[in-house]
Amino acid sequence: MKVTRPMLAAAAAAAALVLTGCGSPGSGKAEVSVPVTATGSLEHLAAEVKCTPDMQTDADELRQALCKNADGKFILLTFATDRGQREWINGAKDYGGHYLVGRKWVAVGEETTTVTALRKTLGGDIEEGTDHSSHVSGDSSASATHSGH
């Protein structure tokens, strides 16, 4: 069967409806109410989730703070540009973690429950880092054969 542009457009529209929760009623999934994604400074976002930010980096292109609230410990970052944010996320995801992503901000938690709880206040989208634990070899001789360059 030949795939045409109208077929691709219809498939994309159907996927968008499913992803935005506009699928058929009774699909069996519980609806999760997600607020409009928050915006603002790092301090404003921290106040929204009731944490006092412990600033770690305060540069023009990136601001980063450690935070802790009733939902757990997390890192809150704000970015000067969308591109800078996406480049940071793409690099950081190699180290695992759970990322709540808004416009020019990211909250990073070690636990899924932390970013899920933050999402109830800040909105945004959850992205997952790469889990490298499944790539660990149980064979102790693997390191012995590494050339060590």
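The values are calculated or read from the model by the stated rules, or taken from the named source; none is laboratory data. What you see is a predicted model; the values in this text were computed from it and never measured. Every residue, glycine among them, receives a Cβ derived from its backbone with ideal geometry; neighbour counts consider all protein chains shown. To get the accessible areas, we keep the full protein, side chains included, count just its heavy atoms, and leave off ligands, DNA and RNA. Shrake-Rupley method; radii C 1.70, N 1.55, O 1.52, S 1.80 Å.
Within the stretch 27-47, residues that are within 13 Å of residue 105 (Cβ to Cβ) and of a type in the set (D, E, K, R) sit with their Cβ atoms under 7 Å from residues that are at pLDDT 95 or above and open to solvent by less than 60 Å² (accessible area, probe 1.4 Å), at 6+ positions apart or across chains, in these pairs: 43/53. Filtered by the rule that a residue be touching a residue at least 12 places away in the same chain (Cβ under 8 Å) and open to solvent by 70 Å² or more (accessible area, probe 1.4 Å), the stretch 57-70 gives 60, 61, 66, 68, 70. Output the residue which, of all residues in the stretch 103-124 that are over 15 Å from residue 46 (Cβ atoms) and among the polar types (S, T, N, Q), is most open to solvent (accessible area, probe 1.4 Å). Only one residue tops the list, namely 113. If the condition is being small (Gly, Ala, Ser), at pLDDT 95 or above and more than 17 Å from the chain's Cα centre (by Cα), then the stretch 60-86 contributes only 80. Looking across the stretch 71-98, the residues that are open to solvent by 80 Å² or more (accessible area, probe 1.4 Å) and within 15 Å of residue 126 (Cα to Cα) come down to 86, 90.
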